[in-house]
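Here the structure is laid out as structure tokens; the discussion comes afterwards.
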Amino acid sequence: MHEEVFMLTDDEIEKYLKAGDIVHDTLNLALDVVKEGVSLLEIAEKLENNIVSKGGQPAFPVNISINEIAAHYSPAVNDTKIIPSKSIIKVDVGAHVDGYIADAAITISFSPDFDNLLVAAREALRNAESYIHPGKSLGSIGEVIEKVIRRYGFIPISNLNGHKIERYNLHAGKSVPNVSMYTFRKVTRDEVYAIEPFATNGEGFVIERENGHICQIMTMRRVKESKELNMFLKGLWRDFRSLPFAERWVYKKYGKRGLEDLERLISLKRVYRYNALVDRGAGLVSQFEDTMIVRENKVIVTTRVLELF
């Protein structure tokens with residue numbers, strides 16, 4: 001089976017690199033602003049505002065996932081949650097420039113007890129970045145990640161994956177597992193990937209829990225006999241296209257009525273709402289993630305997360 005290979009243009013690469021620089025800068029800011037007792041809402045808004053100030057747009061709402069929450073929690077409108085003491089915090093940031101996306105994450109710990117859990121995910125990412133190149137199977141990357149995490153005495157999360165990225169498409173069809181598995185799919189030249197090892201001292205399998213306050217348009221299929229909802233759906237598409245967005249972004253632009261219309265679109269299956277993902281065994285979770293462009297003879301890490309540590 002042969003996959004069609006597309007060549008990235010210099011202009012496309014430049015936009016991917018700019019998005020990566022913005023995410024790198026934003027995660028560096030996160031190291032300063034994520035502190036015990038600080039509001040999640042305050043942190044998310046500072047980081048999202050930084051993305052815009054640097055010339056990008058958020059590719060998805062900033063995720064701030066605490067302890068056993070692995071992913072998909074962004075603050076609600078008027079969220080009152082704060083960073084707990086002695087917690088472990090995943091900060092996942094995405095930015096795009098003209099639809100060209102960078103996606104990266106770091107874990108911040110407020111207890112030395114969690115140091116090895118952070119090192120396990122970080123070293124798994126480092127090894128995966130050294131290993132990936134054209135022709136490698138995606139499953140073999142998972143094997144590299146799993147071996148590192150298990151060597152530190154932790155468990156990789158088997159149902160969370162890295163992912164191929166394309167323009168305005170955060171999950172573009174190929175997945176990079178965090179565990180060893182057989183797959184015929186391979187990395188090809190000029191593809192862009194986000195690789196994101198998750199390590200836990202729990203079960204290594206996530207389940208859905210509370211509302212994560214993150215939404216995404218599923219279909220632009222018209223709503224019968226509701227011109228108003230169709231206009232609102234078109235407005236959401238203009239604002240966010242196929243990328244995830246925050247409930248609080250809708251509230252900021254459209255007010256309370258916008259949230260009510262959003263609920264209606266969710267019930268009509270035009271918009272999908274994400275729930276926060278937690279380790280099924282309530283284990284603590286660490287995550288590190290970078291976005292990289294796989295060229296013929298080198299891999300360009302656009303977000304450079306490992307340089308922050």
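The values are calculated or read from the model by the stated rules, or taken from the named source; none is laboratory data. All values reported here derive from a predicted model rather than from experimental measurement. Cβ sites come from the backbone with ideal geometry, for glycine too, and all protein chains shown count toward neighbours.
Quick notes
- Members of segment 30-67 that are exposed (fewer than 14 other Cβ atoms within 10 Å of the Cβ), within 18 Å of the chain's Cα centre (by Cα) and either under 15 Å from ILE88 (Cα atoms) or in contact (Cβ under 8 Å) with a residue 24 or more places away in the chain (or both): LEU31
- Of all residues making up segment 67-104, the number that are among the charged types (D, E, K, R) and farther than 18 Å from VAL285 by Cβ: 2
- Residues that are surrounded by fewer than 21 Cβ atoms within 10 Å (Cβ to Cβ), in contact (Cβ under 8 Å) with a residue 60 or more places away in the chain and over 20 Å from TYR100 (Cα atoms) are absent from segment 230-247.
- Being surrounded by fewer than 21 Cβ atoms within 10 Å (Cβ to Cβ), assigned by TED's automatic domain parsing to the domain that holds ASN50 and small (Gly, Ala, Ser) is a description that does not apply to GLY94.
- Across segment 144-159, the qualifying residues are those that are part of a loop (DSSP other than H, G, I, E, B) and touching a Phe, Trp or Tyr at 6+ places or on another chain (Cβ under 8 Å), and the one among them that is surrounded by the most Cβ atoms within 10 Å (Cβ to Cβ) is ILE157.
- Matching entry among THR219, THR291, THR303 (being among the polar types (S, T, N, Q), in a loop (DSSP other than H, G, I, E, B) and surrounded by 20 or more Cβ atoms within 10 Å (Cβ to Cβ)): THR303
- Tally, over segment 168-212, of residues that are in a strand (DSSP E or B) and of a type outside the set (Lys, Arg): 17
- Against the numbered list (1) touching a helix residue (DSSP H, G or I) at 6+ places or on another chain (Cβ under 7 Å); (2) more than 30 Å from GLU143 (Cα to Cα); (3) not β-branched (Val, Ile, Thr), PHE309 comes up short only at (2).
- Per-region count, segment 271-297, residues touching a residue at least 24 places away in the same chain (Cβ under 8 Å) and out of contact with any strand residue (DSSP E or B) (no Cβ under 7 Å at 6 or more places or on another chain): 4
- Here GLY135 fits the description: over 30 Å from PRO58 (Cα atoms), small (Gly, Ala, Ser), out of contact with any Leu (no Cβ under 9 Å at 6 or more places or on another chain) and modelled with pLDDT under 95.
- Being in a loop (DSSP other than H, G, I, E, B), under 23 Å from ALA71 (Cβ atoms) and not assigned by TED's automatic domain parsing to the domain that holds GLY99 is not true of LEU236.
- Test: residue in segment 246-266 that is outside any helix (DSSP H, G or I), touching a Pro at 6+ places or on another chain (Cβ under 8 Å), under 22 Å from ALA71 (Cα atoms) and not aliphatic (A, V, I, L, M): no
- Within segment 174-215, being β-branched (Val, Ile, Thr), buried (at least 20 other Cβ atoms within 10 Å of the Cβ) and in contact (Cβ under 8 Å) with a residue 60 or more places away in the chain holds for VAL187, VAL192, ILE195, THR200, VAL206, ILE214.
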